[in-house]
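To start, the structure itself, in structure tokens.
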């Protein structure tokens with residue numbers, strides 16, 4: 001499961017907004033176009049197919065995330081349970097733990113903004 005967490009961390013790092021409002025990913029893509037060489041930070045981190053669904057589930061859950069004046073709220077257990085029931089998804093406890101860890105990584109990046 002470390003692979004999906006590494007993938008998440010990589011994606012969230014690339015999405016961090018810089019002082020000019022553009023994401024790090026956007027800056028690196030411009031560098032890539034200008035010099036014709038892909039910056040190391042832009043090189044993709046692989047996510048194995050067998051855990052990709054956890055990333056997709058996190059993205060689905062995150063789209064329904066609540067926000068407060070200070071930023072995004074953590075995904076709650078009740079929100080995850082409601083999502084699982086509505087989508088008829090049988091969520092194993094280890095899958096729930098991975099989704100919550102991805103969420104912690106996401107929130108840590110959002111707080112730094």
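A short reminder: the numbers here are calculations on the coordinates, not readings from a lab. Please read these numbers as outputs of a predicted model, since none were measured by experiment. Cβ sites come from the backbone with ideal geometry, for glycine too, and all protein chains shown count toward neighbours.
What the table below lists for this structure:
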item: With Cα atoms, 0 to 90° folded angle of helix 24-35 axis to the chain main axis; result: 30
item: Modelled FRET efficiency - R0 22 Å, residue 41 with residue 111, Cβ distances, 0.05 increments; result: 0.60
item: Likely footprinting exposure, 75, 28, 61, fewest C-beta neighbours within 10 Å first; result: 28, 61, 75
item: Helix axis angle, 2-14 relative to the chain longest principal axis, alpha carbon, degrees; result: 50
item: Angle in degrees between helix 93-112 and the longest Cα principal axis of the chain, rounded to the nearest 10; result: 40
item: Ellipticity estimate at 222 nm from DSSP helix runs (n ≥ 4, -39,500 (n - 2.57)) divided over the chain, nearest 500; result: -20500 deg cm²/dmol
item: When segment 2-112 is reduced to its Cα atoms, the Kirkwood hydrodynamic radius in Å; result: 15.4
item: Sorted by Cβ density within 10 Å, fewest first, the residues 50, 58; result: 50, 58
item: Separation in nanometres of the label points that stand 7 Å from Cα toward Cβ, at residue 92 and residue 34; result: 4.7
